[in-house]
1. Just one of the numbered conditions (1) modelled with pLDDT under 95; (2) in contact with a strand residue (DSSP E or B) (Cβ under 7 Å, 6 or more places away or on another chain) is not true of Glu201; which one?
2. Taking segment 74-98 as the region of interest, how many residues are under 15 Å from the mean Cα position of the chain (by Cα), open to solvent by less than 10 Å² (accessible area, probe 1.4 Å) and closer than 21 Å to Arg301 by Cα?
3. Just the residues that are in a loop (DSSP other than H, G, I, E, B) and of a type in the set (S, T, N, Q), please, taken from segment 65-86.
4. Residue by residue through segment 1-16, note down the ones that are outside any loop (DSSP other than H, G, I, E, B) and either within 20 Å of the chain's Cα centre (by Cα) or exposed (fewer than 13 other Cβ atoms within 10 Å of the Cβ) (or both).
5. Out of segment 166-186, which residues are open to solvent by less than 50 Å² (accessible area, probe 1.4 Å) and either within 13 Å of the chain's Cα centre (by Cα) or of a type in the set (Phe, Trp, Tyr) (or both)?
6. Can you tell me which of Val199, Val279 is open to solvent by 30 Å² or more (accessible area, probe 1.4 Å), of a type in the set (A, V, I, L, M, F, W, C), free of Cβ contacts under 8 Å to residues at least 24 places away in the same chain and on the phi < 0 side of the Ramachandran plot?
7. So Ile224 passes all but one of these: (1) under 19 Å from Arg44 (Cα atoms); (2) in contact (Cβ under 8 Å) with a residue 40 or more places away in the chain; (3) aliphatic (A, V, I, L, M). Which condition number does it fail?
8. On the basis of being out of contact with any Gly (no Cβ under 7 Å at 6 or more places or on another chain) and modelled with pLDDT of 95 or more, does Met178 make the cut?
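The values are calculated or read from the model by the stated rules, or taken from the named source; none is laboratory data. All values reported here derive from a predicted model rather than from experimental measurement. Neighbour counts run over all protein chains shown; Cβ positions are idealised from the backbone, glycine included. Keep in mind that these areas ignore ligands, DNA and RNA; they rest on the heavy atoms of the full protein, side chains included. Shrake-Rupley method; radii C 1.70, N 1.55, O 1.52, S 1.80 Å.
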Amino acid sequence: MQKRKITSTEVKAEALRLGFFACGIARAEPVDEAAAKAFKEWLRQGGHAGMGYMDNHTDMRLDPRLLMPEVKSIVSVALNYAPAERIPKGQPQLAVYAYGQDYHDVVKQKLHQLASAMGVTSYRAFCDSAPVLERYWAVKAGLGWTGRNHQLIIPHAGSMFFLGELFVDVELDYDTPMTNRCGNCHACIDACPTGAISVSEEGQSLFDANYCLSYQTIENRGDIPHSIAEKMGDMIYGCDRCQEACPWNRFAKPTTEPMLQPKPELLGMTRERWSELTVEEYRALFKGSAVKRAKYEGLMRNIKESLKPDAHPD
């Protein structure tokens, strides 16, 4: 007997049951001309800095059918990571997305469960793990809009969300994108200490990773330029300033996902303990964590820069 086709309403209900905050569905088709042109221009101008992988497989990024030929629908999901507890002020800080277990694993595990519930036999699950324009598809699926800080903003919820996609080979009901609601707000631009985000004369939101503290403290394997390092403050991994400034994040509610909760050992770290962190302690503290992206050497570089007197100009 042929299995009953799951409806789009049931897909969304199951996504919420699995712990996702939001779920929407978009038709799998080439990225629209304006978005494709903007992405190519961003690459041409070197806005991706040293992230060479962003310049790979551009054809797949702009047409999901090249990534999975049989794909018909893209199910886009968002998983809340807003923290219930934070590292105490005055101590070295991490971007809050890195407090818990590696989000790639957490989101993809739930996506595989969603695919199983849907009963699809041909699918692919992604979470920042393939040439997919995640925010573009989240917008197409009606989850929210891309803010001036280049984060997906979900109305009355904010931007502290991991995004994931399920490419499936079945037709579903498709959602409608919503209008950008940033209005005239430029709080995120004002809050960025290095000028990584800006607005062009034509009103287009721009992002240059070369100046972004998240790029410099996570992806960059070389020395951090002094003019940027001196703006780190207490941040030793990533940067949340543009999100903290966003008015929509006042609606953020703490995640209840167990795998995204910080370890007590992390919350108890002090400046002295960070400065003396050994390789063994690093491995224990960040086992199964996204912080491993920076590697021990990179994190210690960040710690040393952050603890310099000129990193705290105030």
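1. The single condition Glu201 does not satisfy is (2).
2. The total comes to 4.
3. In the first step, residues of segment 65-86 are kept if they are in a loop (DSSP other than H, G, I, E, B); the result is 67-72, 81-86.
Within segment 65-86, no residue meets the criteria.
4. Residues of segment 1-16 that are outside any loop (DSSP other than H, G, I, E, B), as a first pass: 8-16.
Passing the criteria: Thr9, Ala15, Leu16.
5. Phe167
6. Details: Val199 fails: free of Cβ contacts under 8 Å to residues at least 24 places away in the same chain.
Among Val199, Val279, only Val279 is open to solvent by 30 Å² or more (accessible area, probe 1.4 Å), of a type in the set (A, V, I, L, M, F, W, C), free of Cβ contacts under 8 Å to residues at least 24 places away in the same chain and on the phi < 0 side of the Ramachandran plot.
7. For Ile224, the exception is condition (1).
8. Details: out of contact with any Gly (no Cβ under 7 Å at 6 or more places or on another chain): no; modelled with pLDDT of 95 or more: yes.
So Met178 fails the test.
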